[in-house]
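The numbers here are math on the coordinates, done by the rules we state, and not lab data. Fair warning: this is a prediction, and the values are worked out from it, not measured in the lab. No Cβ is skipped: glycine too gets one built from the backbone with ideal geometry, and neighbour counts run over all protein chains shown.
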Amino acid sequence: MDISLIIKVAGVGMLVAVVTQVLSKSGRDEQAMLVTVAGLVVVLLFLVREMGALLDTVRAVFGV
């Protein structure tokens, strides 16, 4: 695992934080919540992909 995953997660987090703040200040709290949930889903998809690669590596090491 390299640092690119950490940078991607941090980038998504910063983008979601800025958009959420802009939407909240303009009175669109429902849309701000949807942006937050969408950001969480994107980050979870990144992590699921990495977890799949980790499990494939573990299977290869133990020969399962």
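So here's what we get for this one:
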{"read-out": "Residues of the range 1-24 classified as touching a residue at least 24 places away in the same chain (Cβ under 8 Å) and more than 15 Å from the chain's Cα centre (by Cα), total", "value": "1"}
{"read-out": "Failed condition for GLY27, given (1) at negative phi; (2) without any contact (Cβ under 8 Å) to a residue 24 or more places away in the chain", "value": "(1)"}
